[in-house]
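Note sheet for the following structure.
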Amino acid sequence: MDTIYALSTAQGKAGVAIIRVSGPLAFGAAQALAGAVPSPREASLRILRAPDGMRLDEALVLTFAQGHSFTGEDIVEFHVHGSTAVVAAVLDALSTLDDLRPAEPGEFTRRALENGCLDLAQVEGLADLIDAETESQRRQALRVLSGDLGKRAETWRTSLIRAAALLEATIDFADEDVPVDVSPEVTELVTSVTNDLEREITGVTTAERIRSGFEVAIVGAPNVGKSTLLNALAGRDAAITSEVAGTTRDVIEVRMDLGGLPVTLLDTAGIRETDDIVESIGVERALARAQAADLRVFLVTGGDTPDLNPEPDDIVLNAKADLSDNPANGISGKTGLGVSDLIARITAILSKRASGAGLATRLRHKQAMERGRAALQSALALLPEGEDTADITAEEIRTAIRALDSLVGRVDIENILDEIFASFCLGK
């Protein structure tokens, strides 16, 4: 196993930068640069020197012994002053040591997976935590990183192994009298796991939205005030506004944090019949994005009806309420009338949806659980046939176990590991 090193904090000037070394020669590297190696988990102030004796920096040195570190290997951390020159000098000194090499993206975390310190779902949770921009994303990522999904998968696995074992007992003793009918217990175990999977699969879409962001489309006719409202919601001039109808030709996106939820607001082109080829393309894109959005805000004037059929949670408002004698249910991006109420309504609707999020957060998780559910549904259909199909039923349960094992990386993951770890920075 190679010993690897990398800067684990952000590039650029900072008060402190952390350089991490992991592998069998990590403590030797610490001794080469800092002299005596500190006791594990005890920070010690050291003068770092290059192999030629040149002083590099005064730094805190921390060591973590094999089996008690993030990667499961010996780890050393150099907490140096965060100047680019200091970091470059220490990394250069490490590069001169034999059998040390720079880490690849995500290699520290990959070693944590390979050494059993994290399961695959926790690795994905860590990636989400690093990318988290809002409070809801932070909370969700921490739930996955803490191993909650892995614990749930282990509970399912234990139940299904028990069910398969009971069925296999009837196969092994087919020529003898089995004193107990196992089908009720097997049915109960398989049904319980199937119901759990149903709930988790239902919550994946919402959990994925928390991870990647909800989309809210502002929809309406040309020159109804969509871009002005977007600018008011964003607090800046994100879209060009004018009195000329059809100014917005493409979908304009503004990312916001609403009540801790990541939300992307979409300003779409005005929906109308037009002979302008460019504008017609914009209208087609507007309709497609609006239909795919999680929520739509329709702006209408003069008692008009929306161009699309609003769904139950969609919001329909009277546009340009500042010009109306009756501002009821109205909004004005120009004066700010109703903007705060709209933000509150959007936040309430999306927060209610977010409450239904499950532990699984990715399409990969959903697909694994769907495979498991399909196998268990087949097993339940076969169970009433008794001993004649016990071997096939047991195999369906084992198929479900393998599908759920892929959630945490026990099987069938090699083809996705490179993609997952490529998203990490060098020092993680």
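The values are calculated or read from the model by the stated rules, or taken from the named source; none is laboratory data. Keep in mind that what you see is a predicted model, and the values were worked out from it rather than measured. Here the Cβ positions follow ideal geometry from the backbone for every residue, glycine too, while neighbour counts run over all protein chains shown. Ligands, DNA and RNA are stripped out before the accessible areas are found, and what is left, the full protein with its side chains, is counted by its heavy atoms. Shrake-Rupley method; radii C 1.70, N 1.55, O 1.52, S 1.80 Å.
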Criterion: over 23 Å from the mean Cα position of the chain (by Cα) and open to solvent by 20 Å² or more (accessible area, probe 1.4 Å) - qualifying residue of Ser355, Ser378, Ser351: Ser378
Near pairs, Cβ below 9 angstrom, 6+ apart or cross-chain, from the stretch 325-347 (within 19 Å of Glu311 (Cα to Cα) and surrounded by fewer than 15 Cβ atoms within 10 Å (Cβ to Cβ)) to any residue that is of a type in the set (Gly, Ala, Ser) and at pLDDT 85 or above: Asn329/Gly338; Ala344/Gly259
Tabulated pairs, the stretch 396-409, first in contact (Cβ under 8 Å) with a residue 12 or more places away in the chain, second hydroxyl-bearing (Ser, Thr, Tyr) and surrounded by fewer than 24 Cβ atoms within 10 Å (Cβ to Cβ), C-beta under 7 angstrom, 6+ apart or interchain: Glu396/Ser378
Condition met for Ala121 (of a type in the set (A, V, I, L, M) and closer than 30 Å to Thr393 by Cα): yes
Hits in the stretch 118-149 (condition: open to solvent by less than 70 Å² (accessible area, probe 1.4 Å), over 16 Å from Ala207 (Cα atoms) and part of a helix (DSSP H, G or I)): Leu120, Val123
Index of the failed condition, Thr9 passing every other in (1) open to solvent by 70 Å² or more (accessible area, probe 1.4 Å); (2) under 20 Å from Ser83 (Cα atoms); (3) among the polar types (S, T, N, Q): (1)
